[in-house]
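Peer 1: The structure follows.
The values are calculated or read from the model by the stated rules, or taken from the named source; none is laboratory data. Being a predicted model, the structure only gives us computed values, none of them experimental. Cβ coordinates were reconstructed from backbone atoms using ideal geometry, including for glycine residues, and neighbour counts include every protein chain displayed. Remember, those area values only see protein heavy atoms, side chains included, never the ligands or the DNA or RNA. Shrake-Rupley method; radii C 1.70, N 1.55, O 1.52, S 1.80 Å.
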Amino acid sequence: MFFNNYDSKRRFTKFARHKRNCLSLQQRLNRGTQLVVQQKRQQLTQTVQSLDLLSPLKIMTRGYAFVTADEQVVHGVKQLQPEQTVANAAEAGGSLWVLTVHDPDQAVSWFDVFSTLWVHA
């Protein structure tokens, strides 16, 4: 079959147009993929930061302590009895302190309890 010069140019032009269209679509797909990956990275970073704030070890580094008495977690001062021994795991070098309560009825807050505790050697 014989093709004239006009048909060849037309086919070449059509091919070039399809090629440009494919390249444009590929570039859009790449940009869209990069955008999705960037958004997912940001979401992951935010989730990790949120979980980090809830980490028990991170909470203890902010000055909180984990207090137990008779192998039970102590949630409030009123749970303690005079001369009761409690264990306090605080972030001060990861040490465990064993303390004895002296009159928890006079304590209003944890600070008051800890200020009335004596450290056993």
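Peer 1: With the other protein chains left in place, how much accessible area per residue, in square angstrom, belongs to the range 10-82 at a 1.4 angstrom probe?
Peer 2: 91
Peer 1: Shifting gears a bit: At 1.4 Å probe size, with the rest of the protein present, what percent of the exposed accessible area of the range 1-75 is carbon and sulfur atoms?
Peer 2: Ligands and nucleic acids excluded, carbon and sulfur give 58 percent.
Peer 1: Please give the residues of the range 9-30, grouped as numeric ranges, whose backbone N is less than 12 Å from a label point set 7 Å along the Cα-to-Cβ vector of V36.
Peer 2: Once the point is set 7 Å along Cα→Cβ of V36, 29-30 turn out to lie under 12 Å by backbone N, inside the range 9-30.
Peer 1: Note down, for the range 24-70, the three equivalent ellipsoid semi-axes (square root of 5 times each alpha carbon gyration tensor eigenvalue), biggest first, whole angstrom.
Peer 2: Over the Cα atoms of the range 24-70, the ellipsoid semi-axes are 44, 7, 4 Å.
Peer 1: Just tell me which lysines come within less than 18 Å, Cα to Cα, of K40; anything on the same chain fewer than 8 places away is out.
Peer 2: none
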